[in-house]
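The values are calculated or read from the model by the stated rules, or taken from the named source; none is laboratory data. Not measured: the values here are computed from a predicted model. With ideal geometry, Cβ positions are generated from the backbone for all residues, glycine too; neighbour counts draw on all protein chains shown. Just so you know, the surface numbers come from the protein's heavy atoms only, side chains and all, with ligands and any DNA or RNA stripped out. Shrake-Rupley method; radii C 1.70, N 1.55, O 1.52, S 1.80 Å.
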Amino acid sequence: MRWCWMGGLALVATGCGAGSLPYPGRDAGVVDVPSVSDVGTVDAGIVDAPPVDGGTCPPDMALIPAGSFSMGDTDTLSFGAQPPHMVTLSAFCMDLTEVTVAAYRTCSATGCTDPSVGHWLNWGATDRENHPINGVDWNQSRAYCQSLGRDLPTEAQWEYAARGTDGRIYPWGNAPPVSQLCWNSTSPGGTCPVRAHPEDISPFGVFNMAGNVAEWTSDWYGDYTSSDASDPTGPASGPSRVMRGGNWGATTGDLVRAAGRRYLTLALQMAGKNSDSNLGFRCAGVPH
């Protein structure tokens, strides 16, 4: 067994090139945000999202239309994402941003348990209400989503919302990451306000899926197969939950690829290893 560390988060993995550590520094400022209807092509050859249909979502969520895409990546820089395989998903709703401190506070007042506090953690810190909540374990994250009649996204929903149907490497396209996202070179001192990097946006108008904080999904971790799948929910059980997306401590492009995967063992969560400043979540839901 091999142990890898990512910003204070212990990971069990077959390869340890997937971690990064946070560094001291500053927060990024909030900038103007384009409306979802203004989101268009960023890179040459990247197509816009298909017309959105399949129901309606609350205003804080994007409607992700039903569709099929190639999940995974042939490039081993996308950790754990081989082999690619076709996945078909029903329409769903996805939070436009990661759940913020302010949003989590509304649930904390009515029953959700408090996140961890400490260095680089946003709960209890000043001027962090519009930053993503971090220092939350899988159970806390799911409890928050379920309090709203939502749930954590499946791993397939998360990747589809981040990449769309054209196989892009990053949510914004294929251009290498520089200043598009909240990561170590733009915010080495911790998380950024949600929407602070409007270029870190997916073809469906979902923000911060490459940077800021990695995000819990509902799935247990398991190896991919080459078989096609419809609305997959991952293995029935396992020792580890899947996390998706890059984070503010990432230092290289392979750590923020939209197909890349990470996981955290349940044993480490039970041991209180949920105080990671690089990890948060967003919710998914059913259109109406």
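Here are the numbers for the structure shown:
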quantity: Placed amide H near LEU279: partners under 5 Å, 5+ positions off or other chain; calculated: GLY135, ALA214
quantity: Estimated distance in nm for a label pair at ALA236 and THR88, the labels positioned 7 Å out from Cα along Cα-to-Cβ; calculated: 2.4
quantity: Under-5 Å amide H pairs with LEU152, H placed in peptide plane, nonlocal only; calculated: ALA284
quantity: Positive minus negative residues near THR154 (Lys, Arg vs Asp, Glu; Cβ under 11 Å); calculated: -4
quantity: Using θ = phi - 60° and Karplus 6.51 cos²θ - 1.76 cosθ + 1.60, couplings along the range 196-208 (whole Hz; Gly, Pro as x); calculated: 5, 10, x, 6, 7, 9, 8, x, 9, x, 9, 8, 6
quantity: Fraction of accessible area attributable to carbon and sulfur, the range 144-288 (%, probe 1.4 Å); calculated: 52
quantity: Magnitude of the charge dipole, the range 154-222, Cβ model with Lys/Arg +1 and Asp/Glu -1, debye to 20; calculated: 180
quantity: Vicinal HN-Hα couplings computed from phi for the range 126-141 (Karplus, 6.51 cos²θ - 1.76 cosθ + 1.60; Hz; Gly/Pro x); calculated: 7, 6, 10, 4, 9, 8, x, 5, 9, x, 10, 8, 4, 5, 4, 5
quantity: Karplus 3J(HN,Hα) series, Hz, for the range 161-168 with 6.51 cos²θ - 1.76 cosθ + 1.60 (x for Gly, Pro); calculated: 4, 7, 10, x, 10, 9, x, 4
quantity: Relative contact order (percent, whole number), the range 72-231, Cα cutoff 8 Å, 6+ residue spacing; calculated: 30
